[in-house]
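Report on the structure given below.
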Amino acid sequence: MIYRVVNEDSLKKRRFILGVLTIFTIINTGVNFGIDLLINGSLTWSFYPVYSVIFTWLLCTPLLFRHERLAIWLGVFSTVLLPYLFLMDLVFPPSSWFVPIALPIAVGVIVFLWVCYVAYVIHSIKNKERDCHVN
């Protein structure tokens with residue numbers, strides 16, 4: 001078993017960045033909701049930026065701690081993208097664009113990214129095997 005040495009300073013920096021991103025997300029959410037309530041008296045447009053900032057936070061968080069593992073990020077992206085788009089469609093009627101437009105495009109993008117990742121891994125393994133045999 002290979003144990004990775006974790007640099008404590010690097011881990012502290014990553015936790016600090018995560019804290020800053022989290023605080024930014026919370027402040028952004030509060031400001032958007034507050035402005036929307038002050039201007040319109042109800043929550044109308046503020047869901048667009050709030051959902052987008054939360055979506056970005058969900059995508060950035062795994063990169064802070066497992067940036068060398070692209071599969072983890074792809075898994076999070078694959079898991080979060082469809083519910084994000086579906087929520088956007090539910091929150092902002094009357095147009096129903098998720099099934100006819102967003103679903104096929106998002107599934108196509110997810111499949112394409114995973115195929116590229118698998119091709120990259122296969123290519124990396126072949127290069128490592130080739131490098132091992134060249135002495």
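Checking every residue in segment 89-103 against the condition of being in contact with a Phe, Trp or Tyr (Cβ under 9 Å, 6 or more places away or on another chain) and among the hydroxyl-bearing types (Ser, Thr, Tyr) gives zero matches.
Looking at segment 1-111, the helices (runs of 4 or more DSSP H) lying wholly inside it that each contain 3 or more residues that are in the same structural domain as Val121 (by TED's automatic domain parsing) and within 25 Å of Val121 (Cα to Cα) sit at 70-91. Cβ-Cβ contacts under 7 Å between residues 6 or more apart (or on different chains), taken from a first residue in segment 48-72 that is closer than 15 Å to Arg15 by Cα to a second residue that is modelled with pLDDT of 80 or more and charged (D, E, K, R), are listed as Leu64/Arg14; Phe65/Arg14. Kindly check whether there is at least one residue in segment 42-62 that is surrounded by 16 or more Cβ atoms within 10 Å (Cβ to Cβ), of a type in the set (Ser, Thr, Tyr) and over 17 Å from the mean Cα position of the chain (by Cα). Yes, the conditions are met somewhere in segment 42-62. Of Tyr120, Tyr84, all but one fail to be surrounded by 11 or more Cβ atoms within 10 Å (Cβ to Cβ), hydroxyl-bearing (Ser, Thr, Tyr) and farther than 21 Å from Thr29 by Cα; the exception is Tyr120. From the set of residues in segment 65-78 that are exposed (fewer than 14 other Cβ atoms within 10 Å of the Cβ) and in contact with a helix residue (DSSP H, G or I) (Cβ under 9 Å, 6 or more places away or on another chain), which is nearest to Val107 (Cα to Cα)? It comes out as Gly75.
Of all positions in segment 102-123, none carries a residue that is out of contact with any helix residue (DSSP H, G or I) (no Cβ under 9 Å at 6 or more places or on another chain) and modelled with pLDDT under 85.
Within segment 92-115, is even one residue loosely packed, with under 12 Cβ neighbours inside 10 Å, over 18 Å from the mean Cα position of the chain (by Cα) and closer than 30 Å to Ile27 by Cβ? Yes, there is a match, as at least one residue in segment 92-115 is loosely packed, with under 12 Cβ neighbours inside 10 Å, over 18 Å from the mean Cα position of the chain (by Cα) and closer than 30 Å to Ile27 by Cβ.
The values are calculated or read from the model by the stated rules, or taken from the named source; none is laboratory data. Note that the structure is a prediction, hence the values are computed from the model and not measured. FYI the Cβ positions are ideal-geometry reconstructions off the backbone, even for glycines, and counts take in every protein chain you see.
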